[in-house]
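The values are calculated or read from the model by the stated rules, or taken from the named source; none is laboratory data. These numbers come from a predicted model, not from an experiment. Glycine gets a Cβ as well: all are built from the backbone with ideal geometry, and neighbour counts include every protein chain shown. Heads up: the accessible areas ignore ligands, DNA and RNA and are worked out on the full protein's heavy atoms, side chains in. Shrake-Rupley method; radii C 1.70, N 1.55, O 1.52, S 1.80 Å.
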Amino acid sequence: MLLLLLALTFIPTGTSDLASDRAALLALRSAVGGRTLLWNAAQDTPCLWAGVQCHADRVTALRLPGVSLSGQLPVGTVGNLTRLRTLSLRLNALSGPLPSDLSSCLDLRNLYLHGNRFSGPVPDFLFTLHGLVRLNLAGNNFSGEISPGFNNLTRLRTLYLQNNRFSGPIPDLKFANLDQFNVSFNQLNGSVPESLRSKPESCFLGNSLCGPPLESCPSHGIALPPATAGTGSGKHKKGLSGGAIAGIVIGSVLGLLLLLLLLFVLCRRRRSSTKTRSVDVVAVKQSEVSNFILHFLYSHM
């Protein structure tokens, strides 16, 4: 009896686990893959299928980028791959919410879902995957506010949320090792949290955000301190002083008068020149007449 118990103890259980992984992958192909996943279902092991990587008789990585997957991810597919460390379904046409049983993938380190059509708020169960290091949800239709639950993912080094429909303010996100971050081109508003102000400006573009590294936030409703005596800073902020306006008006009037005087002088010169030319013409004509008379008298003498 003791020998029987020892034999049952050392029977490998990896075969049944791998079989469940295989069944989950086939369910995934039926739900969203169609003819795009050319897996040979006649093979007993899924470890030979394209995009599938195994370790210790378990599926640990599933990489299916840009293979025309479409539709919703149902429960009982990727969520049943409980030893997954990397899941990449980027650049497909997957839609709807994320399956709730994805929370069973506690070993998940890298989750790449960008370039799809996933929608709705980011589910809270995602924040229970404390081992996540790389999370890319960019280029989807996720909406709602960015949850402060992201702070639970303390190992994150990459968080990409750009090109979605997130709205509201950015919570105070504090990550010790975050080196890749982007929330650009959403519908966010408010000021950039102090914990993220060291990130490049490009990480926040396409929103209604303000504060470093963007432009300063407007001080609506905040009373400005009174200007100290002798500085005149209050007047400069309100506009031009009365003396400056009077000087501009007087200068404009004097300039107009000077222009009129110049035009008057030019007109007088033109008239004077015209009269001189007329006198010269008359004198020439008188001289010609006198010469004609003298020539006539001389010829008849």
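Give the residue that is most open to solvent (accessible area, probe 1.4 Å), with candidates limited to residues of the range 172-217 that are among the charged types (D, E, K, R) and in a loop (DSSP other than H, G, I, E, B).
Within the range 172-217, the match that is most open to solvent (accessible area, probe 1.4 Å) is Glu215.
Which one of these does Ala41 not meet: (1) modelled with pLDDT of 95 or more; (2) over 21 Å from Gly131 (Cα atoms); (3) hydrophobic (A, V, I, L, M, F, W, C); (4) surrounded by fewer than 17 Cβ atoms within 10 Å (Cβ to Cβ)?
(1)
Which members of the range 63-79 meet the condition of being open to solvent by less than 40 Å² (accessible area, probe 1.4 Å) and of a type in the set (S, T, N, Q)?
Hit for the range 63-79 is Thr77, nothing else.
Okay, residues lined up against (1) surrounded by 18 or more Cβ atoms within 10 Å (Cβ to Cβ); (2) assigned to a loop (DSSP other than H, G, I, E, B):
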residue	(1), (2)
Ser103	no, no
Leu126	yes, no
His130	no, yes
Gly139	yes, yes
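So which of Thr82, Thr60 ends up being surrounded by 16 or more Cβ atoms within 10 Å (Cβ to Cβ), polar (S, T, N, Q) and not in a loop (DSSP other than H, G, I, E, B)?
From the options Thr82, Thr60, the qualifying one is Thr60.
Within the range 164-171, does at least one residue satisfy the condition of being open to solvent by 10 Å² or more (accessible area, probe 1.4 Å) and closer than 19 Å to Asn110 by Cα?
There is no residue in the range 164-171 that is open to solvent by 10 Å² or more (accessible area, probe 1.4 Å) and closer than 19 Å to Asn110 by Cα.
Could you grab the pairs with beta carbons closer than 7 Å, sequence gap of 6+ or different chains, first residue in the range 36-54 and under 13 Å from Ala23 (Cβ atoms) and touching a residue at least 12 places away in the same chain (Cβ under 8 Å), second one of a type in the set (Lys, Arg) and surrounded by 11 or more Cβ atoms within 10 Å (Cβ to Cβ)?
Note: pairs meeting the criteria are Trp39/Arg29; Pro46/Arg22.
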